[in-house]
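Heads up: the structure comes next, in structure tokens.
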Amino acid sequence: MFMRDKLSDYSNVRQGQGELSEMKWSMVTYVTTFTRVKASDRFTLIDIGSAADDDGESSSAPPLQEPSSSRFPPHQFLAEGTSIAERALRHPRVQTLLKDVTQSFDLVVAEWFYSGLLAPLAGVFECPLAWYSAGDASWLSVQLVHEPSSPIFFVDPLAPSLPRLEPGVPDRLRRLARQAYLSAWVYYMTHYVETPAYYEIYQLAIQLRGRTPPLYEQLLYDGALLLVNSHPALGQGVPLPHNAKYIGGHHLTATHSTLPKNLQTLLDNAKHGVIYLNLGGTVSEELPPETTRELLRVFRQLEQVVVWRHRGAGALHHVPGNVLLLDRAPHLALLKHPNTIMMITHGGFLSYMEAMYYGVPIIGVPVHEDQLLTIDIAASRGRAIQVPISNAGIGYRLKEAIFELLGNYSYRNNAKEMSVLLQDRLVPASQELLYWLELVMRTGGAPALRSPALQLSAMQRYHLDVAGVLLMFAWFLSKVAKLVKVYWDDFGTDTQYLEEKKNE
């Protein structure tokens with residue numbers, strides 16, 4: 001069983017299709033909001049697209065608002081993740097699946113998105129659980145199979161920038177404070193939001209199978225594996241436990257995308273190269289008209305062909321001859337074409353990884369908070385240029401970035417080096433993904449890979465009891481020192497008094 005609870009968008013559809021094609025088992029039940037994913041003889045598709053449709057609130061900042069000035073505090077995404085998972089689990093089709101006592105599974109693969117509320121699925125069906133992270137590893141996801149990692153290595157996915165080498169004291173204090181702040185919210189969400197929801201959603205399903213619901217935390221930290229759709233050289237590159245595995249690009253080896261004949265001809269004949277613009281979602285359509293006209297004026301000055309994924313193509317006027325607007329672009333085929341020389345993107349981690357897989361440098365225009373970190377990582381390693389998004393002067397800044405990328409070949413060379421790293425593997429990432437999942441099923445949860453840190457209490461893990469003993473010992477020594485000082489002072493006073501008496 002594979003359950004994805006994130007709201008549907010085009011990038012997740014690409015990923016979902018890749019995941020389905022990789023799974024070679026006899027039967028797979030796929031719970032998803034991706035209405036364009038097709039069922040087959042081996043795949044039972046449970047469409048919960050209405051759970052995404054019921055989401056009346058946007059989780060992101062308005063398109064042309066700087067992500068760093070979002071109206072949402074960092075912990076808001078924990079609440080959002082729980083809300084998305086809860087809506088998916090309360091969907092009538094999922095509830096029917098949970099209450100069907102004839103259903104059984106050998107493995108549950110659940111997508112992590114700032115919530116652990118999908119973990120009890122494995123408890124209902126009494127099978128191992130594997131977590132799947134669609135983005136880079138973070139301490140928020142790793143703590144489900146290990147322990148909260150030091151902020152000296154990790155930052156959370158919503159941090160504005162990558163940790164720098166040899167950080168100063170103020171920087172370390174900020175990171176530590178942020179992790180402590182989010183850890184407190186994780187504790188609150190786990191015990192006071194997700195635990196009540198767990199009993200409401202799962203209790204009847206477990207009781208129908210003749211069992212008593214275990215504690216929520218017992219199921220939450222019972223994951224056998226964490227699959228990370230990233231690569232050490234692609235993301236933060238942090239130390240991971242034995243049961244956390246990088247499988248970055250697994251959907252690319254199993255995805256075969258081709259260009260339509262007319263588009264293939266256009267790209268083949270683009271002697272100055274092709275610039276691919278894809279801001280994801282509906283950002284391009286939500287740009288103010290003046291900003292759109294400003295971008296078109298910039299593209300008119302270029303020798304390159306510009307392919308712009310824009311769903312509102314029919315509403316645009318005075319489009320330059322070198323600009324092609326596509327309602328639905330063959331994303332991977334465009335990146336794979338040898339004449340594609342750069343990609344202008346919003347900075348989603350999946351788009352970043354796909355561009356690097358094919359050796360295409362990027363210009364990042366972050367729209368949401370998580371994209372700030374992705375573009376900062378890429379820019380710090382010479383694979384990207386970041387352009388802040390705002391109404392004022394975005395065309396000028398984008399033009400500067402385009403000419404910088406065209407004139408400085410180091411960006412393309414760095415992207416090509418990353419492409420070699422992503423593709424030069426012992427086995428393809430899709431095969432590695434299947435291997436680890438099959439290992440978990442064969443061994444009943446891969447207990448040999450599990451981290452012993454989860455068996456320790458916070459007091460044992462952080463040596464709080466040892467620190468307490470040392471503090472008590474230090475307190476005892478201070479009292480002894482004071483007592484010795486008092487007696488020493490008294491002894492000195494008595495000696496002085498006797499000497500004075502003797503001199504008299």
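The values are calculated or read from the model by the stated rules, or taken from the named source; none is laboratory data. Just so it is clear, the structure is predicted and the values come from calculations on it, not from any experiment. Neighbour counts run over all protein chains shown; Cβ positions are idealised from the backbone, glycine included.
Conditions (1) in contact (Cβ under 8 Å) with a residue 24 or more places away in the chain; (2) crowded, with 20+ Cβ neighbours inside 10 Å; (3) part of a helix (DSSP H, G or I); (4) not aliphatic (A, V, I, L, M), marked per residue:
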{"position": "74", "(1), (2), (3), (4)": "yes, no, no, yes"}
{"position": "93", "(1), (2), (3), (4)": "yes, no, yes, yes"}
{"position": "101", "(1), (2), (3), (4)": "yes, no, no, no"}
{"position": "122", "(1), (2), (3), (4)": "yes, yes, yes, no"}
{"position": "150", "(1), (2), (3), (4)": "no, no, no, yes"}
{"position": "161", "(1), (2), (3), (4)": "yes, no, no, yes"}
{"position": "167", "(1), (2), (3), (4)": "no, no, no, yes"}
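Filtering 433, 477, 471, 426 for residues that are surrounded by 11 or more Cβ atoms within 10 Å (Cβ to Cβ) and either not charged (D, E, K, R) or not assigned by TED's automatic domain parsing to the domain that holds residue 226 (or both) leaves a single hit, 433. When residue 394 is tested against (1) free of Cβ contacts under 8 Å to residues at least 12 places away in the same chain; (2) farther than 25 Å from residue 414 by Cα; (3) not hydroxyl-bearing (Ser, Thr, Tyr), just one condition goes unmet, and that condition is (1).
Scanning segment 152-159 turns up no residue that is without any contact (Cβ under 8 Å) to a residue 60 or more places away in the chain and over 29 Å from residue 449 (Cα atoms). State which residue is nearest to the chain's Cα centre (by Cα) when the search covers only segment 385-394 and only residues that are surrounded by fewer than 19 Cβ atoms within 10 Å (Cβ to Cβ) and either of a type in the set (Ser, Thr, Tyr) or within 22 Å of residue 300 (Cβ to Cβ) (or both). Among residues in segment 385-394 that are surrounded by fewer than 19 Cβ atoms within 10 Å (Cβ to Cβ) and either of a type in the set (Ser, Thr, Tyr) or within 22 Å of residue 300 (Cβ to Cβ) (or both), the one nearest to the chain's Cα centre (by Cα) is 390. Against the criterion of being modelled with pLDDT of 90 or more, among the acidic types (Asp, Glu), outside any loop (DSSP other than H, G, I, E, B) and under 26 Å from residue 136 (Cα atoms), residue 194 qualifies. Scanning segment 270-310 for residues that are at pLDDT below 80, touching a helix residue (DSSP H, G or I) at 6+ places or on another chain (Cβ under 9 Å) and of a type in the set (D, E, K, R) turns up just one, 285. Taken over segment 406-441, the criterion of being within 15 Å of residue 250 (Cβ to Cβ) and in contact with a Gly (Cβ under 7 Å, 6 or more places away or on another chain) is satisfied by 422, 429. Residue selection: residue 418 satisfies the criterion of being assigned to a helix (DSSP H, G or I), in the same structural domain as residue 359 (by TED's automatic domain parsing), over 21 Å from residue 302 (Cβ atoms) and not β-branched (Val, Ile, Thr). Residue count for segment 203-228 satisfying the condition of being in a helix (DSSP H, G or I), surrounded by fewer than 21 Cβ atoms within 10 Å (Cβ to Cβ) and not aliphatic (A, V, I, L, M): 4. Of the residues examined, residue 272 is not one that is within 20 Å of residue 356 (Cα to Cα) and either in contact (Cβ under 8 Å) with a residue 24 or more places away in the chain or in contact with a His (Cβ under 6 Å, 6 or more places away or on another chain) (or both).
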